[in-house]
Amino acid sequence: MIDNGLLVQMLLGALLGLSVYLPLAAGQLSLATPAFYAVGGTLAALLSTRWRALGATAGGGFPVPSLLLELLLGGLLAGVLALLVGRLVLRLRGIYLAIATIALVEIVRVAILNLPFTGGAIGIFSIPQPFSEASGYLLMALLLLALAGGLCHRLEAMPMGRAMAAIRDDELAAACMGIDTTRVKLTAFVLSAMVAGSSGALAAHFLNTWNARQGSFDVSVTTLAFVILGGSRTWLGPVLGGLLLTALPELLRPVGDVRLVLFGLVILLGPVLAPQGLITPALLERLGGAGREPASREDHP
Amino acid sequence: MSAAATASSAATAPLLEVQELSCRFGGLLALDRVSVAVQPGEIFGLIGPNGAGKTTLFNLISGLTPPSGGTVLWRGEAITALPPHRRNRLGLARTFQNLRLFDGLSVLENLLVALQPRSRNSSLDGLLGSARFHRAERLRRETAWQLLDELGLTALAEREAGTLAYGDRRRLEMARALATGPSLLLLDEPAAGLNPAEKEQLCALIQQLRQRHQLTVLIIEHHVPLLMRLCDRMAVLDFGRRIALGSPEQIRHDPRVIEAYLGSGPQGAGEATA
Amino acid sequence: MIETLLQTLLNGVAGGGVYALVALGYTLVFSVLGVINFAQGALFSLGGYLTFLLMGGRIGVNGALPGWGLPGGLPFPLALLLAAAASGLVGLLVERLAFTPLRRRGADPMLGLITSLGAGVVLVNLLQILMGAEGYAFPQGADALGGLPAALAIGGARIRTIQLLLLLVSAGAVLALPLWLEHSRQGQALRAVAEDPTTAQLLGINSEAMLRLAFFLSGALAGLGGGLIGVSVSLPGPYFGIGYGLKGLAVLVLGGLGSVPGAIAGGLLMGLAEALVPSEASGWRDALAFAILFAVLLLRPGGLLGRRQLEKV
């Protein structure tokens with residue numbers, strides 16, 4: 001049964017899919033999303049449980065404006081981290097970049113695990129709740145997704161988005177055509193981090209507890225599966241991938257481990273059977289919807 | 001080939017100059033202290049047998065490969081440390097021997113992407129869809145259509161670049177380089193795969209483009225007779241070294257050049273063609 | 001003092017030997033195919049569990065077949081060898097499922113990263129389903145080591161025999177491999193394919209066969225490492241191999257992608273560095289490998305002994 005709680009998880013999955021999508025849209029295979037997700041979640045968990053001023057009540061409640069603040073801060077902190085690290089990491093190409101982002105995830109995970117104030121292996125629990133029911137979280141998640149999705153949509157029609165697509169096709173040629181590839185890649189990386197950070201902040205409240213395992217290599221794998229299944233040519237793909245792959249295992253109700261076997265199969269078979277994923281630009285054009293803007297000659301005198 | 005060009009070259013400073021440029025790949029010295037100066041307005045040819053280092057030279061000029069020695073100068077200023085996109089902003093554009101189009105973008109978008117860096121794009125404007133953004137977009141599109149017109153690609157504007165026929169891809173590659181608004185255009189084997197009639201058209205096109213866009217052209221070509229007709233001056237590379245420099249006539253009769261091309265068949269420098 | 005120093009050194013070198021094993025596995029495939037086989041960590045886990053089962057261990061209550069085990073058990077050396085060979089075979093399977101289809105379609109070989117990651121995930125989770133998520137300890141009795149004492153006294157220090165064994169076996173494998181690559185016909189053929197596949201083909205070398213050999217050896221090395229670690233420490237869960245796989249990547253980059261001596265040197269360095277982390281900070285030990293990786297990637301992406309790769313323009 002798809003209840004509100006599952007819907008929230010599906011939307012979080014969609015958001016993480018978008019986070020992985022953004023660097024990929026600029027041709028960068030970054031597996032760093034879990035690191036930023038963890039940073040955002042940890043920040044929210046810490047702030048809400050330690051900072052009285054945010055207004056956590058004795059009964060475990062939490063004011064919504066404070067939640068919004070945390071979403072913002074989570075995104076910002078993740079963004080700042082991405083800015084600092086990205087400058088260094090994005091100099092790397094291909095496999096080196098992928099490995100560096102894996103390393104980043106591990107470093108962040110171990111740091112959160114070992115820092116004295118983050119709760120160790122157990123993590124932080126009893127995170128106050130801004131909503132008494134899942135429907136509240138559902139609304140928040142929808143808002144967040146609308147924002148992130150809207151951003152991605154707008155990006156496609158902007159010079160920045162075109163530059164990202166160009167870099168994806170051929171980074172060297174893009175550089176020779178005057179595109180500051182470092183700046184564009186960094187932008188994608190930072191945006192990706194911000195989406196993940198805000199999602200983490202929301203997730204921390206939704207899940208009620210937060211620990212280092214939320215930002216592990218596992219999450220890199222599952223979010224990658226979202227993008228591979230859904231398709232990476234347009235932002236709708238990872239959204240759909242995230243929704244589907246989060247819902248599917250719950251619907252099938254198997255042993256938890258089969259879920260990961262499923263993800264593994266998607267990642268193993270996806271690139272061969274459906275290299276463009278489920279949502280391809282061709283499909284979108286046929287549906288007459290969110291395809292490219294047609295060029296018109298009315299601009300031409 | 002014009003007398004005007006050769007006369008003025010003595011008076012003006014070179015647009016592009018490489019001094020003692022070397023490039024080492026592991027144990028291989030791909031370029032060995034090459035010096036060349038390209039004057040504004042001229043069409044300068046670069047020839048040499050396979051593996052002579054011509055494309056390597058282009059890569060060093062455009063900033064894709066760092067030199068192991070020497071300098072690259074643009075209007076007298078050293079640009080050796082500048083990254084490729086900054087060199088492009090200065091006015092240096094190139095095409096690639098193996099055609100590096102943005103295959104997933106449409107023909108029009110390939111040009112739009114190249115036009116973008118020419119104007120200050122505030123992402124905020126783009127995000128909000130402000131009037132300034134729309135104005136800039138409209139201007140870009142106008143310029144793009146003009147270029148498409150000029151290179152006969154108008155009918156293909158909406159097609160995905162990866163689906164184009166070879167000849168069209170070549171022209172798109174050139175259109176895209178032109179879209180960046182260069183003063184110097186580096187052409188890497190633009191005639192590869194073209195039949196003689198198409199080669200003629202290319203020749204005429206390059207001369208037209210030079211005229212209309214006030215270009216200086218540096219061109220690598222295997223088909224030497226083409227360059228003989230087209231170029232004001234030429235340089236010959238062999239094994240990474242410059243072995244000759246001068247007018248096509250001078251090059252044609254240079255014994256070192258003839259020797260370097262020995263055995264390369266009907267494309268040898270020794271052949272005189274109309 | 002000397003005792004702790006000696007112990008630390010031994011730990012470092014022993015651990016380093018295992019890292020070198022994993023890194024060598026990566027190197028073999030990378031040098032022939034140009035891609036990282038992300039299933040390596042999973043094969044490491046597989047080796048550990050296979051060794052356990054072959055030694056007569058029984059599946060625990062959380063597994064798919066609780067209480068099941070082989071009748072009787074093989075002595076450790078034999079179990080280890082068989083487990084390594086079996087891992088090598090599974091490595092071949094990974095090649096068939098994750099890499100061959102991409103080659104057939106002329107797809108970007110980089111996608112092999114993704115498909116092999118998928119294969120690794122499938123493998124590890126199948127292991128999890130079969131064996132359950134609990135930890136397994138290997139039989140530690142006198143029989144386990146074939147009659148050898150559990151600890152030896154060397155220079156006044158007491159060293160666990162199993163660690164010495166670990167060191168010897170991994171050192172043996174790690175040193176035998178480059179020798180084999182240099183001096184045997186198969187090894188030379190493999191190197192030829194790695195250097196220049198076209199010429200190798202022209203010389204009549206069957207590059208497909210060499211590729212399969214590389215994957216087999218790579219899987220066997222991983223399996224060997226997993227078995228050794230399993231016996232010397234324990235099997236905390238199928239995911240432990242992933243951790244080694246990831247650290248093996250760090251070693252790979254440290255030593256330089258594609259360099260065999262680099263993988264060995266990198267492994268030793270990594271092992272020693274980890275051993276030198278004081279026990280108060282042991283929680284951070286895992287991050288050390290990746291911090292080193294980070295530093296290497298930023299300062300010297302070619303690694304210690306790697307070759308700089310220039311993109312063809």
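Over chain C, with a single point scatterer placed on each C-alpha, what log10 of the ratio I(q)/I(0) does the Debye formula yield at q = 0.10, 0.13 1/Å?
So the normalised log intensities work out to -0.55, -0.93.
Going through segment C:1-83, which chymotrypsin sites (Phe, Trp or Tyr not before Pro) have at most 16 other Cβ atoms within 10 Å and a DSSP loop state? Working shown, then result.
Details: sites: C:Tyr19, C:Tyr26, C:Phe30, C:Phe38, C:Phe44, C:Tyr49, C:Phe52, C:Trp68; in loops: C:Phe38, C:Trp68.
When the chymotrypsin sites (Phe, Trp or Tyr not before Pro) of segment C:1-83 are filtered for loop state and at most 16 Cβ neighbours within 10 Å, C:Trp68 remain.
Counting other Cβ atoms within 10 Å, which GluC sites (Glu not before Pro) in segment A:124-220 have at most 15 and lie in a DSSP loop? Please list the in-between numbers first.
On the way: sites: A:Glu133, A:Glu156, A:Glu171; in loops: A:Glu133.
Those satisfying the criteria are A:Glu133.
Tell me, what HN-Hα J-couplings in whole Hz come from the Karplus equation 6.51 cos²θ - 1.76 cosθ + 1.60 at θ = phi - 60° for each residue of segment A:10-17, using x for Gly and Pro?
4, 5, 4, x, 4, 5, 5, x
Can you compute log10 of I(q)/I(0) for segment A:3-44 with the Debye formula, treating each Cα as one identical point scatterer, at q = 0.14, 0.17, 0.19 Å⁻¹?
Ignoring solvent entirely, the Cα scatterers give -0.39, -0.54, -0.65.
Over its Cα atoms, what ratio of radius of gyration to 2.2 N^0.38 Å does segment B:115-246 give?
On the way: Rg = 17.9 Å, N = 132, 2.2 N^0.38 = 14.1 Å.
Cα-based Rg divided by the globular estimate yields 1.27.
Stick to the Cα atoms of segment C:163-313, pair each with every other, and give me the Kirkwood hydrodynamic radius in Å at one decimal.
Numbers: mean 1/r = 0.0583 Å⁻¹.
Radius from the Kirkwood sum: 17.2 Å.
Is segment C:1-42 rounded, prolate or oblate when judged by the Cα gyration tensor, a ≥ b ≥ c being the square roots of its eigenvalues, rounded requiring a/c under 1.5 and prolate requiring a/b larger than b/c? Walk me through the numbers on the way to the answer.
Details: a/c = 6.60, a/b = 3.60, b/c = 1.83.
Note, shape of segment C:1-42 comes out prolate.
To the nearest 500 deg cm²/dmol, what mean residue ellipticity at 222 nm is calculated for the protein assembly as shown from DSSP H runs of n ≥ 4 alone, each contributing -39,500 (n - 2.57), summed and divided by the residues? Write out the running numbers ahead of the final one.
Details: 35 runs with 523 residues, N = 888.
Helices in the protein assembly as shown give a 222 nm mean residue ellipticity of -19500 deg cm²/dmol.
At each listed q (0.08, 0.09, 0.12, 0.15 Å⁻¹), what is the log10 of I(q)/I(0) that the Debye formula gives for chain B modelled as equal alpha-carbon point scatterers?
-0.34, -0.43, -0.76, -1.16
Where in chain B lies the longest segment free of trypsin sites (Lys or Arg not before Pro) that are both loop residues by DSSP (not H, G, I, E, B) and have at most 16 other Cβ atoms within 10 Å? Please list the in-between numbers first.
Working: sites that count: B:Arg75, B:Arg120, B:Arg159.
Excluding the exposed sites themselves, the longest stretch runs over B:160-274.
For the residue pair C:Ala151 and B:Gln19, what label-to-label distance in nm results when each label sits 7 Å from Cα along the Cα-to-beta-carbon direction?
7.2 nm
Would you please give the FRET efficiency between A:Ala157 and C:Asn206, computed as 1/(1 + (r/R0)^6) with r the Cβ-Cβ distance and R0 = 45 Å, to the nearest 0.05? Present the calculation step by step, with values, prior to reporting the outcome.
Working: r = 52 Å, r/R0 = 1.15.
After rounding to 0.05, the efficiency reads 0.30.
In Å, the Kirkwood hydrodynamic radius of the protein assembly as shown over pairs of distinct alpha carbons?
On the way: mean 1/r = 0.0332 Å⁻¹.
With all distinct Cα pairs of the protein assembly as shown included, I get 30.1 Å.
How high is the FRET efficiency between C:Ser282 and C:Ala137 when r is their beta carbon distance and R₀ equals 22 Å, given to the nearest 0.05?
Working: r = 20 Å, r/R0 = 0.91.
For R0 = 22 Å, the calculated efficiency reads 0.65.
Test of understanding: given chain C, find the longest segment containing no trypsin sites (Lys or Arg not before Pro) that are in a DSSP loop and have at most 14 other Cβ atoms within 10 Å.
On the way: sites that count: C:Arg105, C:Arg307, C:Arg308, C:Lys312.
Counting only loop sites that pass the neighbour cut-off, the longest clear stretch is C:106-306.
Segment C:99-122 to segment C:1-77: how many Å between their Cα centroids?
24 Å
Could you go through segment A:72-79 in sequence order and give the Karplus-derived ³J(HN,Hα) for each residue, using 6.51 cos²θ - 1.76 cosθ + 1.60 with θ = phi - 60°, rounded to whole Hz, and x for Gly and Pro?
5, 5, x, x, 5, 4, 4, x
List every residue whose amide H lies under 5 Å from the amide H of B:Arg94, counting only residues 5 or more places away in sequence or on a different chain, with H placed 1.01 Å from N in the peptide plane.
For B:Arg94, whose amide H was placed from the backbone, the distant partners under 5 Å are B:Leu186.
For segment C:190-254, what is the per residue volume of the convex hull drawn over the alpha-carbon atoms, in cubic angstrom? Show your work: numbers first, answer last.
Details: hull volume 6.4 nm³, N = 65.
Each residue corresponds to 98 Å³ of Cα convex hull volume.
What distance in nm lies between label points placed 7 Å from Cα along the C-beta direction at C:Arg58 and B:Gln146?
8.6 nm
Through the Karplus equation 6.51 cos²θ - 1.76 cosθ + 1.60, θ set to phi - 60°, convert the phi angles of segment B:68-78 into ³J(HN,Hα) values in whole Hz; use x for Gly and Pro.
Karplus-based 3J(HN,Hα) across segment B:68-78 equals 9, x, x, 10, 10, 10, 10, 6, x, 9, 6 Hz.
What's the center-to-center distance, using Cα atoms, between segment A:217-236 and segment C:206-221 in Å?
Computed from Cα coordinates, the inter-centre distance equals 30 Å.
Could you estimate the translational diffusion coefficient of segment C:46-130 from the Stokes-Einstein equation, with Rh from the Kirkwood formula over C-alpha pairs, at 25 °C and 0.890 mPa s, in whole µm²/s? Intermediate results must be reported in sequence, preceding the final value.
Details: Rh = 14.4 Å.
Estimated via Stokes-Einstein, D reaches 171 µm²/s.
Separation of segment A:43-101 and segment C:232-250 by C-alpha centroid, Å?
29 Å
How long are the semi-axes of the equivalent ellipsoid of segment A:4-216, taking √(5λ) for every eigenvalue λ of the Cα gyration tensor, in whole Å from largest down?
32, 19, 13
Given H placed 1.01 Å from N in the peptide plane, which residues other than close sequence neighbours of B:Leu237 have an amide H under 5 Å from its amide H?
Counting only residues 5 or more places away or on other chains, the set is B:Ile47, B:Gly48, B:Ile243.
For B:Gly70, what residues show an amide H to amide H distance below 5 Å, using hydrogens built from the backbone and excluding near sequence neighbours?
It is B:Ser22, by chain and number.
So which residue, out of A:Ala193, A:Ala173, A:Ala121, gets the largest mean-square fluctuation from a GNM of chain A using Cα contacts under 10 Å as springs?
It is A:Ala173.
Between C:Asn37, C:Asn125, C:Asn206, where does the largest GNM mean-square fluctuation fall for chain C, given springs only between Cα atoms within less than 10 Å?
C:Asn206
No lab work stands behind these numbers, since they all come straight from the coordinates. From a predicted model like this one, the values you see are computed outputs, not experimental measurements. Positions of Cβ are generated from backbone atoms using ideal geometry, with glycine treated the same way; all protein chains shown enter the neighbour counts.
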